[in-house]
Amino acid sequence: MDDKIAGEASKLATQAQDVASQLKALAQQITDAAAASPVAVPDGHMPFVALLTIFALSCFVGYYVVWRVTPALHSPLMAVTNAVSSVIIVGALLAAGLKGLGAAQLFGFIAVALAAVNIFGGFIVTHRMLSMFKKKPVKK
Amino acid sequence: MFTQELAAYGYLIAAICFIMALRGLSSPTTSRQGNLFGIVGMVIAIGVTVLSPGVLSPWLIMAGLVIGGAIGTFVALRIQMTALPQLVAAFHSLVGLAAVFVAAAAFISPEAFGLGVPGKIKVQSLIEMGLGTAIGAITFTGSVVAFAKLQGLVSGSPLVFKGQHPLNALLGIALVVLLVWFAMRGHTSTFVLLVVLSLALGFLLILPIGGADMPVVVSMLNSYSGWAAAGIGFTLGNTALIVTGALVGSSGAILSYIMCKGMNRSIFNVILGGFGTDSAAAGGPAAKNDKPVKAGSAEDAAFLMKNAQSVIIVPGYGMAVAQAQHALREMADLLKKEGVQVRYAIHPVAGRMPGHMNVLLAEANVPYDEVFELDDINRDFASTDVAFVIGANDVTNPAAKTDPKSAIYGMPILDVEKAQTVLFVKRGMASGYAGVDNELFFRDNTMMLFADAKVMCENIVKALEGSAH
């Protein structure tokens, strides 16, 4: 009796698995279709000129924002930009998150670890610096 | 599970957070909030990526985050504030290395990044990948050299050898050729060669640059790490990376520009290096050293400053080396109790990284509204009784205004010589980094205080306390 139930259950589980994999394939097809829409080029990326536009405008934003930073905080500025530039971890995550274990995954893992040192270290050291900048105590 | 479109919105929010993080630094009151924005942006960027359909197995990611995070936290909590410049240099090297590894991973498994299949990657992606790799590798070795120089592992003096510039130029040209070759063929061997050559170039580029020019180098490498991130961002078609890379890149570039302007030198002059190695001969130091120098004691200094109405303190790298900031603040506190107005004047290139002195003074609990930049305080030296120069030298040298032959001619300096009395805390008569004699030492209104900066401050504190009772 129990064996029968167990057998049924396993059958059901395999079926569920099949459905899941079919769903996954479907989802993949949808994303592929979305990626192939006229806005994007076939590999799923934005067109180069769009990326270049974003890049150029960001350079201008950076220029104006950084000139407004008070010179007294230039050290924290370096520390925080260093932490923020570790957003390169995004690329590392994609490689480390691949199935299996190969050179790409290994490289991804190393890059994740390196960038993580920077993210944690950078933000903490910035915080330590910034919490030291205090105003003159108000005179009685 | 996130769709790619949803992820793109996440990256947009992250990018805005990073802009707000830099924006917050425009004033100390909003700066902590800015740092918080940065952390939020980073959490969003990582979260969105981990939840995206491309990530199938979380184990390596978690391991990497835990290991790296633990190391980063440990180091950041333990580091001494005087060691900040080398810490930042070390962190830059990690970003550069991470960029190289990401590019290598993308080269091996292009399908994970939507770049095609191995061996058949688009030319455009190969160019972006190659650029990101080259800049990343140069940033890595360059930062390692900068770290070694700042930490004192190798001599801080410029290391120049014959044929250095032609060699670097040759390597640079070879790098460009290799980039083109890599973009056309996409061979693995070319990729490896590209990495090796870039590593060598980064090493050779920074080696000839002297220790006191490191503020410029560190900001320049900061800029490079940003451009490397942007390059990888183009490869991955990731907007958060591109925006952030551009922000960091321009930030580092602006900081380098400010530093160079603070020394009246071009960025090329700094990068080509070897500054201060041969200029000492031109000044004829032997002749000047015969002049009498007025040396004083801690008691003399205490007496002078106690009876002054206003004192301006000019800190330099020597204060950082001696860790004198706490003793200095104690001295300033006692003077303030006596009714003396105490202010601090910071030259743009004082210390070993931009804003280095400000951080050290802040660490010693000096209120930031007593600390002034060159342009804001230079006029006040004329109406000041005492200028207290501690560990600074070249940035006060009047030769920058008067002697067109001097190596530092044209550099904006703090006009300490206009104060009634100049107190110079210095260990000996050695000239500063630029190798130029400071004529200030021989002036009538200058008193030299020969001692370690910290010891001198402590002795002045003792003298001040002694006279108070």
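We did not get these values from a lab; they are worked out from the coordinates using the rules stated. Since the model is a prediction, treat every value here as computed from it, not as a measurement. Note that each Cβ is placed from the backbone with ideal geometry, even for glycine, and that neighbours are counted across all protein chains shown.
Structure notes:
- Whole-angstrom gap from the range B:88-148 to the range B:385-405, using each part's C-alpha centre: 44 Å
- Least to most buried among B:L449, B:L255 (fewest other Cβ within 10 Å first): B:L449, B:L255
- Tilt relative to chain B, helix B:325-337 - C-alpha long axis, 0 to 90 degrees, to 10: 50 degrees
- In a simple Cβ point-charge model (Lys, Arg +1; Asp, Glu -1; nothing else charged), the protein assembly as shown has a dipole of about 260 debye relative to its Cα centre.
- Annotation for the range B:165-195 versus the range B:198-225: alpha-carbon center distance of 20 Å.
- With a Förster radius of 45 Å applied to the C-beta separation of B:S157 and A:K99, the computed FRET efficiency comes to 0.30.
- Inter-chain Cβ neighbour average for residues B:49-62, partner chain, 10 Å: 6
- Over 28 Å between alpha carbons, listed pairs B:K294/B:K462; A:K134/B:K294; B:K149/B:K401; B:K261/B:K336; B:K162/B:K426; B:K261/B:K462: A:K134/B:K294; B:K149/B:K401; B:K261/B:K336; B:K162/B:K426; B:K261/B:K462
- Ranked for footprinting exposure by Cβ neighbours inside 10 Å, fewest first, B:L94, B:L171 give B:L171, B:L94.
- Cα-centred dipole magnitude for chain B, charges only on beta-carbon of K, R (+1) and D, E (-1), debye, nearest 20: 840 debye
- Of B:F147, B:F268, the sequence from fewest to most neighbouring Cβ atoms within 10 angstrom is B:F268, B:F147.
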